[in-house]
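A short worksheet on the structure shown next.
The values are calculated or read from the model by the stated rules, or taken from the named source; none is laboratory data. Since the model is a prediction, treat every value here as computed from it, not as a measurement. Cβ atoms come from the backbone with ideal geometry, glycine included; neighbour counts cover every protein chain shown. For accessibility, only protein heavy atoms count, side chains too; no ligands or nucleic acids. Shrake-Rupley method; radii C 1.70, N 1.55, O 1.52, S 1.80 Å.
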Amino acid sequence: MIADAPLVLGIETSCDETGIGIVRGRRLLSNRIASSMDEHARYGGVVPEVAARAHLEALVPTIEAAVAEAGVELDDLDAVAVTIGPGLAGALMVGVGAAKALAVALGKPLYAVNHLVGHVGADLLTPDADDIEYPTVALLVSGGHTSLLLVRDLVDDVALLGETIDDAAGEAFDKVARVLGLPYPGGPEIDRAALGGDPAAIRFPRGLTLPKDLERHRYDFSFSGLKTAVARWVEKREADGVPVPVADVAASFREAVVDVLVSKAIAACHDTGVPRLLLGGGVVANARLRTVAAERAAAAGIALRIPPLDLCTDNGAMIAVLAAERLRAGHPGSALDAAADSTLPVTAIQVP
């Protein structure tokens with residue numbers, strides 16, 4: 001019989017980070033990440049084939065390091081969990097194949113779970129935090145995803161309120177960083193460049209916020225037009241032979257992104273009558289996003305939760321804890337013929 005706090009190893013390979021995490025129930029035992037970011041930096045963005053090969057090389061040593069850090073044996077596991085989607089198809093297949101092999105070799109159940117829902121579950125690993133109160137609105141912002149979710153129950157009931165219709169916020173940061181001559185990845189570079197800038201210096205557009213857009217896309221996001229507006233503004237300055245105020249551009253661009261993200265999240269809380277907001281995803285590391293979200297949530301009487309920053313980026317621990325919650329709730333494991341799904345809907349918390 002499995003204990004109330006199952007021991008689960010989670011594998012996350014949806015993009016460019018090989019994440020292996022081990023949890024005992026909601027207690028984090030290890031969280032190891034091997035990133036291939038440096039390999040992608042030369043191309044200015046993630047190259048799927050490079051990511052897949054990097055996962056192949058990193059999986060075994062990262063699993064070994066996580067097991068050693070946790071102080072457990074693989075035979076002690078109650079289950080093996082893996083991100084089945086959404087994400088880059090080739091990268092997902094590496095992790096799914098490894099998880100299946102490990103589950104079969106150990107005779108343990110396989111839990112193939114949703115990457116985005118895992119970001120919500122990461123909050124359960126926050127030390128000394130109260131349980132998540134349901135329902136809650138979740139804003140997930142990463143390099144490949146920008147989504148608003150209504151989480152009625154992490155294990156059984158997650159609904160999509162809205163998502164990006166073009167570039168995700170993280171992609172926009174990377175592209176604008178390139179326009180400004182800043183290195184990849186763009187998020188932290190824009191954050192640093194914006195430190196000395198004026199966020200009100202340039203009024204860049206806020207996508208899908210006009211009344212006509214809100215009728216159809218109240219909770220959806222669009223950052224492609226913003227990215228283009230920044231590029232055109234910079235190009236005009238350069239064509240006129242005028243120096244580009246990088247700090248002001250970075251700060252103004254960041255403010256436009258943050259304004260849209262937080263405004264739509266707060267609106268979702270109001271419209272659904274849910275006074276709770278949870279942030280997740282790697283872009284949550286952006287200092288301005290956390291500050292503005294805290295200010296506006298407090299002003300609106302909304303309780304804000306943000307997992308530890310090392311659990312906001314893609315990681316195996318969030319996948320392990322989601323599977324542990326499913327296991328504790330009595331859900332069986334997934335079939336061994338479960339296939340990676342790059343467009344897995346958020347409503348599919350686990351693939352049967």
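For the stretch 257-275, indicate whether the set of residues that are of a type in the set (S, T, Y), within 30 Å of A98 (Cα to Cα), touching a residue at least 12 places away in the same chain (Cβ under 8 Å) and in contact with a helix residue (DSSP H, G or I) (Cβ under 9 Å, 6 or more places away or on another chain) is non-empty. Looking for residues that are of a type in the set (S, T, Y), within 30 Å of A98 (Cα to Cα), touching a residue at least 12 places away in the same chain (Cβ under 8 Å) and in contact with a helix residue (DSSP H, G or I) (Cβ under 9 Å, 6 or more places away or on another chain), one finds none in the stretch 257-275, hence no. Scanning the stretch 192-225 for residues that are in contact with a strand residue (DSSP E or B) (Cβ under 8 Å, 6 or more places away or on another chain) and over 17 Å from L180 (Cα atoms) returns G207, L208, H217, R218, Y219, D220, F221, S222. For the stretch 306-326, a tally of residues being in contact with a Gly (Cβ under 8 Å, 6 or more places away or on another chain) and farther than 30 Å from A294 by Cβ returns 1. Do we have G281 as on the phi > 0 side of the Ramachandran plot and either hydroxyl-bearing (S, T, Y) or in contact with a strand residue (DSSP E or B) (Cβ under 6 Å, 6 or more places away or on another chain) (or both) here? Judged against the criteria, G281 is a match. G170 meets each of the listed conditions (1) at pLDDT 95 or above; (2) more than 16 Å from A229 (Cα to Cα); (3) in contact with a strand residue (DSSP E or B) (Cβ under 9 Å, 6 or more places away or on another chain) apart from (1). Scanning the stretch 40-90 for residues that are aliphatic (A, V, I, L, M) and in a strand (DSSP E or B) yields A79, V80, A81, V82, I84.
Considering each of G162, G186, G143 in turn, give the residue that is in contact with a Leu (Cβ under 8 Å, 6 or more places away or on another chain) and either acidic (D, E) or under 22 Å from P205 (Cβ atoms) (or both). After applying the criteria, what remains is G162.
Does A293 satisfy being in contact with a Cys (Cβ under 9 Å, 6 or more places away or on another chain), open to solvent by less than 10 Å² (accessible area, probe 1.4 Å) and either part of a helix (DSSP H, G or I) or over 22 Å from D156 (Cβ atoms) (or both)?
Values: in contact with a Cys (Cβ under 9 Å, 6 or more places away or on another chain): no; open to solvent by less than 10 Å² (accessible area, probe 1.4 Å): yes; either part of a helix (DSSP H, G or I) or over 22 Å from D156 (Cβ atoms) (or both): yes.
In short, no.
Regarding the stretch 114-129, can at least one residue be identified that is over 26 Å from N286 (Cα atoms) and either open to solvent by 10 Å² or more (accessible area, probe 1.4 Å) or assigned to a strand (DSSP E or B) (or both)? No, the conditions are met nowhere in the stretch 114-129. Counting only strands (runs of 3 or more DSSP E) that sit wholly inside the stretch 131-186, those with at least 3 residues that are in contact (Cβ under 8 Å) with a residue 40 or more places away in the chain and open to solvent by 40 Å² or more (accessible area, probe 1.4 Å) are 157-163.
Of all residues in the stretch 65-104, those that are of a type in the set (G, A, S), within 22 Å of R326 (Cα to Cα) and either modelled with pLDDT under 95 or open to solvent by 10 Å² or more (accessible area, probe 1.4 Å) (or both) total 5. I33 meets the stated requirement of being outside any helix (DSSP H, G or I), crowded, with 17+ Cβ neighbours inside 10 Å and among the hydrophobic types (A, V, I, L, M, F, W, C).
Anything in the stretch 314-352 that is in a helix (DSSP H, G or I) and surrounded by 20 or more Cβ atoms within 10 Å (Cβ to Cβ)? List them, or say none. Once the filter is applied, which keeps residues that are in a helix (DSSP H, G or I) and surrounded by 20 or more Cβ atoms within 10 Å (Cβ to Cβ), the stretch 314-352 yields G316, A317, M318, I319, A320, V321, L322, A323, A324, E325, R326, L327.
Scanning the stretch 207-255 for residues that are open to solvent by less than 50 Å² (accessible area, probe 1.4 Å), acidic (D, E) and more than 26 Å from I266 (Cα to Cα) yields one hit, D248.
Just to verify a result, which residue in the stretch 263-278, among those that are charged (D, E, K, R) and more than 16 Å from I132 (Cβ to Cβ), is least open to solvent (accessible area, probe 1.4 Å)?
Looking at residues that are charged (D, E, K, R) and more than 16 Å from I132 (Cβ to Cβ), I get K264.
Residues in the stretch 241-287 that are assigned to a loop (DSSP other than H, G, I, E, B), at pLDDT 95 or above and closer than 27 Å to I319 by Cα: V274, P275.
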